[in-house]
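The values are calculated or read from the model by the stated rules, or taken from the named source; none is laboratory data. Remember, predicted model here, so these are calculated numbers, not experimental data. FYI the Cβ positions are ideal-geometry reconstructions off the backbone, even for glycines, and counts take in every protein chain you see.
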Amino acid sequence: MSTEHETRMEKIVSLCKRRGFIFPSSEIYGGLNGVWDYGPLGVELKRHLKEFWWRRMVRERDDMVGMDGAILMNRAVWKASGHENTFSDPMVDCKTCKGRFRADQIESIPCPQKPSKMVASCEGEKTEPRDFNLMFTTHVGPMADDSNKTYLRPETAQAIFVQFRNVLETSRKKLPFGIAQIGKAFRNEINPRNFIFRSREFEQMEVEYFCHPHQGMKLLEIWLEERLRFYEDIGIPRSKIRVNDIPDGERAFYSLKTYDLEYEFPFGIQELEGIAYRTDYDLKQHMTHSGKPLDYFDEETKEKFIPHVIEPSAGADRTLLALLCEAFEEEEIVNEKGDKETRTVLHFHPRMAPVKVGIFPLLKNKPALVEKAHEIERMLRTHMSVFYDEAGAIGRRYRRQDEIGTPFCVTVDFETLGEAGPELANTVTLRERDSMKQQRIPIDALHGYLTAQIL
Ligand code: ATP
């Protein structure tokens, strides 16, 4: 990573901590490597992201339904899916520093003892690569023995496959149709790094779209388009996403075709989402191992077959990091007093922004202004996340909102109270974050205007 990119990343991480987006987990005890907590603003941002994904993937479509599977599942699921035997990364141990590293990343991980060198080229004596299973083991019940062993799920997808028949029968859907799920997943990553990009506990947003084998290839292309449109609609333009058509030999053996959607993070171009054509691999595995039918009978053609699957699988945390990286900017501006200043701003799409509108009385010691501002706050609070602020100069209050990406600010001033004549009474100043332009708008029109922007 170049120094410029490193600095940019450090600034984003520091803003996240300072303003309450993301904190290291268990921080007062020294943290836990690869685990993060979302603070008041981070949780709103993540919620807006997941809610919009759910709206686009489930509610707005008649060929999709949702589910919410448990994190703990019968160990047999992980045997059948192949995770118990093959969900591993190759790692090497360094006998000198006792560090453990992902074998495919030693060219880019600095040596803990001599950070000017990468692990691949430092003097430490390294072992040959060995496989390390990434699943967290746990025990269900009071005995910690092998018969009670299972794992924290390393992906949400398997719950969808094993509930395929239940969902099919209860929802009465016909192929093609999909099942969507958002939930936590856990991987004991050998080298968690790059902030929330690679962590040990994270959230996935996954779709398993079931279809006739003849439709698979065409549907993969349709899903690629659909997913690119999604990123565009949350503020990550198409030009910023690289579609990587994974070549033969690098895909999972059962996948006929896979696209990775990649984003240019400050630390390099990295995967945001994988869209894989997984054929009938998963349903077939579970059918064989459980002995239960997971095939499909087409009433019209009288054909019986195991559906094929397209899987768009996105990470909520990675997407959130991409939103932060895309939005972060330090701008040189001339402030209200005519002085040059650096404005830190998060240019979130209004539908993603954690706070939608800041509400300010021009002065805090004028009860009529404060009362009116609170009235507007109460009116809007039931519809969107708002932030009331009366502390400090108005310019500083704008800056505080810019820094957390609030797209609009409303100021109640003397004109609002009718002191500049009846035409401006009950109007407020509405200030837009990116252009910093201000306009007057009647209080009655505020709700309609803001709702249209944030939907
Ligand atoms: P990588 O190659 O980066 O380890 P992967 O190809 O193993 O990722 P998948 O198993 O395809 O990832 O998981 C789907 C999505 O889940 C990824 O595209 C990513 O957004 C997210 N994801 C996977 N592992 C992690 C992690 N350790 N931390 C955060 N998000 C993750």
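Within segment 247-267, if we keep just the residues that are within 14 Å of the ligand (Cβ to nearest atom) and part of a strand (DSSP E or B), the residue that is nearest to Pro213 (Cα to Cα) turns out to be Thr258.
Report yes if some residue within segment 187-199 is touching a Lys or Arg at 6+ places or on another chain (Cβ under 7 Å) and farther than 19 Å from Ala314 by Cα; otherwise report no.
Filtering segment 187-199 for residues touching a Lys or Arg at 6+ places or on another chain (Cβ under 7 Å) gives 187-192, 197.
Among the residues that remain, those that are also farther than 19 Å from Ala314 by Cα are: 190-191.
For segment 187-199, residues touching a Lys or Arg at 6+ places or on another chain (Cβ under 7 Å) and farther than 19 Å from Ala314 by Cα: present.
Number of residues in segment 378-424 that are among the aliphatic types (A, V, I, L, M), outside any helix (DSSP H, G or I) and touching an Asp or Glu at 6+ places or on another chain (Cβ under 7 Å): the value is 1. Among the residues making up segment 278-298, those that are touching a residue at least 60 places away in the same chain (Cβ under 8 Å) and farther than 21 Å from Met57 by Cβ are Thr279, Asp280, Gln285, His286, Thr288, His289, Ser290, Lys292, Pro293, Leu294, Tyr296, Asp298. The residue that is nearest to Tyr259 (Cα to Cα), among those in segment 163-221 that are in a loop (DSSP other than H, G, I, E, B), among the aliphatic types (A, V, I, L, M) and within 16 Å of the ligand (Cβ to nearest atom), is Ile196. Exactly one residue among Leu283, Leu294 is more than 22 Å from Ile241 (Cα to Cα), in contact with a His (Cβ under 8 Å, 6 or more places away or on another chain) and not in a strand (DSSP E or B), and that residue is Leu294. Kindly indicate whether Arg278 is basic (Lys, Arg), under 26 Å from Val162 (Cβ atoms), within 16 Å of the ligand (Cβ to nearest atom) and not in a helix (DSSP H, G or I). Judged against the criteria, Arg278 is a match. Listed by position, the helices (runs of 4 or more DSSP H) contained in segment 1-104 that have at least 2 residues being within 22 Å of the chain's Cα centre (by Cα) are 3-18, 40-54.
In this structure, Gly82 does not qualify as over 30 Å from Asp402 (Cβ atoms) and in contact with a Pro (Cβ under 7 Å, 6 or more places away or on another chain). Taking into account only those residues within segment 364-385 that are without any contact (Cβ under 8 Å) to a residue 12 or more places away in the chain and under 18 Å from Asn426 (Cα atoms), which is surrounded by the most Cβ atoms within 10 Å (Cβ to Cβ)? Here the residue is Lys366. All but one of (1) in contact with a helix residue (DSSP H, G or I) (Cβ under 9 Å, 6 or more places away or on another chain); (2) surrounded by fewer than 22 Cβ atoms within 10 Å (Cβ to Cβ); (3) basic (Lys, Arg) hold for Lys340, so report the exception by its number. In the conditions (1) in contact with a helix residue (DSSP H, G or I) (Cβ under 9 Å, 6 or more places away or on another chain); (2) surrounded by fewer than 22 Cβ atoms within 10 Å (Cβ to Cβ); (3) basic (Lys, Arg), Lys340 misses (1) alone. The conditions of being away from the ligand (no atom under 13 Å from the Cβ) and either of a type in the set (Gly, Ala, Ser) or at pLDDT below 95 (or both) are not met by Glu329.
Could you check how many residues of segment 297-323 are part of a strand (DSSP E or B) and within 34 Å of the chain's Cα centre (by Cα)?
Applying the first criterion (part of a strand (DSSP E or B)) to segment 297-323 yields 297-298, 303-305, 308-315.
Imposing the further condition that a residue be within 34 Å of the chain's Cα centre (by Cα) reduces the set to 308-315.
Residues in segment 297-323 being part of a strand (DSSP E or B) and within 34 Å of the chain's Cα centre (by Cα): 8 in total.
Tallying residues that are within 16 Å of the ligand (Cβ to nearest atom) and crowded, with 21+ Cβ neighbours inside 10 Å within segment 151-162 yields 8. Of a type in the set (Phe, Trp, Tyr), touching a Cys at 6+ places or on another chain (Cβ under 9 Å) and surrounded by 14 or more Cβ atoms within 10 Å (Cβ to Cβ): does that describe Phe348? Considered against the rule, which asks whether it is of a type in the set (Phe, Trp, Tyr), touching a Cys at 6+ places or on another chain (Cβ under 9 Å) and surrounded by 14 or more Cβ atoms within 10 Å (Cβ to Cβ), Phe348 comes out as no.
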